[in-house]
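Enquirer: Below you will find the structure I want to go over with you.
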Amino acid sequence: MARMHARRRGSSGSKKVYRDNPPDWVELKSEEVEKRILELYNEGYEPSMIGMILRDRYGVPDVVQVTGKKLNRILREKGVQSALPEDLKALITKALRLRRHSETHRKDHHNIRNMMLIEAKVRRLAKYYIRKKVLPSDWKYDPKRLQIELTR
């Protein structure tokens, strides 16, 4: 993955093997996987963590291979998807944590700059999600309002 705010390290990595049907050793059926996804989401796990749990505990290498649908699509169909996308939520919590830190440590200029960079990523990602109609068109990054919402 290329760094966004630094000019070093290109992006390379492993690619998924193409398959359109589940491997023979997967024991769970499509309905069982969807049921497990809902159970794990109701326990408070984020979608990326659900995928890792399904892989490690239940031997499901890829939700799409077993169910034919992506994990977020399954959650959306069941009506239990969170208001903010997972990657945006993670960036916002990181920015809020740094903002809280910089209020007590005003001379920590390194972290203040990191907070600015992270908030720029939040705004850029929010613009993308507004364009894709995942977020409402009037959504704005407001740290004070979001701090209250994320603590609930």
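Read the figures in this text as sums done on the coordinates, not as results from a lab. What you see is a predicted model, and the numbers here were worked out from it, not measured in a lab. Neighbour counts are summed over all protein chains in view; Cβ atoms, including those assigned to glycine, are modelled from backbone coordinates with ideal geometry.
Enquirer: Structure shown: which of Lys16/Lys78; Lys69/Lys127; Lys89/Lys140; Lys29/Lys69; Lys89/Lys144 lie over 18 Å apart, alpha-carbon to alpha-carbon?
Expert: Values: Lys16/Lys78 27 Å; Lys69/Lys127 26 Å; Lys89/Lys140 13 Å; Lys29/Lys69 13 Å; Lys89/Lys144 15 Å.
Pairs exceeding 18 Å: Lys16/Lys78; Lys69/Lys127.
Enquirer: I'd like to compare 119-132, 86-99: which one has the highest average count of other Cβ atoms within 10 Å, and what's the full order after that?
Expert: Values: 119-132: 15.0, 86-99: 17.3.
Ranked from most to least packed, the peptides come out as 86-99, 119-132.
Enquirer: Can you give the calculated 222 nm mean residue ellipticity of the chain, where each DSSP H run of n ≥ 4 adds -39,500 (n - 2.57) and the sum is split over every residue, rounded to the nearest 500 deg cm²/dmol? Spell out each step's value before the answer.
Expert: Working: 7 runs with 89 residues, N = 152.
So the calculated ellipticity at 222 nm is -18500 deg cm²/dmol.
Enquirer: Here's another thing I want to ask about it. Scan (1) 11.7; (2) 7.7; (3) 14.6 for the value of mean projected area of the Cα convex hull in nm² calculated from this model and give just the label.
Expert: Here mean projected area of the Cα convex hull in nm² agrees with entry (1).
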